[in-house]
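Each remark here refers to the structure printed beneath this line.
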Amino acid sequence: MTGLLDLVGGTPLVRLQHTAVHAKLEYLNPGGSVKDRAALSMVLDAEASGALRPGGTIVEGTSGNTGLGLAQVAAARGYRMVCVLPDKTAVEKLDALRAYGAEVVLTPSALPREHPNHVMRYAQRIADDRPGGWRADQYDNPANPAVHFRTTGPEIWEATEGRVTHFVATIGTGGTISGTGRYLKEASGGRVRVIGADPVTSAYGGGDGSPFAVEAAGHYVHPQTADDLWPESYHRDVVDEIFSVPDRDSVHACRSLARTEGLLVGGSSGTAFAVARQVTGDCVVVLLPDSGRAYLSKYHSDTWCRRQGFLDGDLDTFVSPVVTVPVGTPAAEAREALASSGQPALPVVLAGRSDRFPPAAGEVLALLTADELTGSGVVGPAPTPPVGVGVGETAADALARVPDDASVFHVVRDGRLAGLVTRGALTRL
Ligand SMILES: Cc1ncc(COP(=O)(O)O)c(C=O)c1O
């Protein structure tokens, strides 16, 4: 008789029909993602070392699949589980954790790593305060990459009978690519090439660390982060090459896997697949980390894709240019930037860095006219965040959902700021 946790790992490798790529279906783990492997491995390791004892409490700061994997293991092995999550986490995820009996603690999203209420620090405090508390710490726990060296790598090697030539995966904590990649390199005498697939602005692939649309993969850097530390679970020496993938490509690749291959997977699977299908090699293997069920209201939703500008539509031709300045810019300097742009533009106030990429939609914190840029103060966020409309929306859809008193909106294309549109232009469309 098989126990539930014996079902972790041993996932199938399937040949795709429309590209010469083999896909490792990690959504077929019992908890629904690749993270079941790391969760079980970290718990078994902590039991063996005595860090986690019977009746103890597992604590982790995570908005994603690791929380679900740990909650599953906690329920199956009789531990309490506390999960610390950013308050923007989708309600379905919170409910899924609660369904496993986990305690959910929310903390504000978008805090720099140094802040005492940053998810990781908060989780550590809870682990320290609770008797029998243990923080799994997937980012720096060697049991995370180790399980992929022990299981995922050998599974791929055996399923391909040693013929695998390329392995493609996204990098979150780095556990998957580091452990699997290291095994495949060792088994093949260094022949297998290990390729990272990274969201466009993620720092792993050389981006500026500003926000990107794909969840759970890549490395975001909060603008106030002083020391950007990369996870110890990520072993850079294993990865031969990293491809940066525009969010649009990830989203479309994710949707196409459902429509053309019958594989309903998440956004990071789209990122990985967008790279794998470009790689030429005798036997390319891509790892698909989780199911699309958790993202039906995001990547798989036409409405979401239109609002984020991942699908094209009406608004593109009515976008006018903007001037962007970071929060904290002196008003005089913002006025000067506006005047010298020679455009009848509104400045847009941002939280983040915008030196390499247009700001992400969520970084647009205020829309200010020249008249509003008076005095000697500094520009700051608006009391209520400005409303964005997607290039893929129809004018009628956009008008139906924007507040009555707003007269200008920022336009979002590929999840990023494309410009501005006025209510008047929308009404005339
Ligand atoms: C959906 C999804 N994709 C990719 C990753 C990245 O995997 P890793 O943390 O092993 O690098 C994760 C990790 O949580 C994930 O949940």
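Okay, here's what the table says:
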item: Matching residues in the range 245-272 - criterion: being open to solvent by 10 Å² or more (accessible area, probe 1.4 Å) and in contact with a helix residue (DSSP H, G or I) (Cβ under 7 Å, 6 or more places away or on another chain); result: D249, A258, L263, L264
item: Pairs with Cβ under 6 Å, 6+ apart, first in the range 109-135 and assigned by TED's automatic domain parsing to the domain that holds S63 and among the aliphatic types (A, V, I, L, M), second assigned to a helix (DSSP H, G or I) and open to solvent by less than 70 Å² (accessible area, probe 1.4 Å); result: none
item: The range 317-345: number of residues that are assigned to a helix (DSSP H, G or I) and open to solvent by 60 Å² or more (accessible area, probe 1.4 Å); result: 7
item: Strands (runs of 3 or more DSSP E) fully within the range 363-429 counting 3 or more residues that are more than 31 Å from the chain's Cα centre (by Cα) and under 20 Å from F310 (Cβ atoms); result: none
item: Those strands (runs of 3 or more DSSP E) lying entirely in the range 13-128 with at least 1 residues over 30 Å from D282 (Cβ atoms) and either in contact with a strand residue (DSSP E or B) (Cβ under 6 Å, 6 or more places away or on another chain) or at pLDDT below 95 (or both); result: 57-61, 80-86, 103-107
item: Single unsatisfied condition, R353 versus (1) among the basic types (K, R); (2) assigned to a loop (DSSP other than H, G, I, E, B); (3) at pLDDT 75 or above; result: (3)
item: Count of the range 146-199 residues which are touching a His at 6+ places or on another chain (Cβ under 9 Å) and in a loop (DSSP other than H, G, I, E, B); result: 6
item: Positions within the range 216-242 being more than 15 Å from the ligand (Cβ to nearest atom) and either among the aromatic types (F, W, Y) or not in a loop (DSSP other than H, G, I, E, B) (or both), in sequence order; result: D237, E241
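The values are calculated or read from the model by the stated rules, or taken from the named source; none is laboratory data. Note that the coordinates shown come from a computational prediction; the quantities given were computed from them, not determined experimentally. Cβ sites come from the backbone with ideal geometry, for glycine too, and all protein chains shown count toward neighbours. Remember, those area values only see protein heavy atoms, side chains included, never the ligands or the DNA or RNA. Shrake-Rupley method; radii C 1.70, N 1.55, O 1.52, S 1.80 Å.
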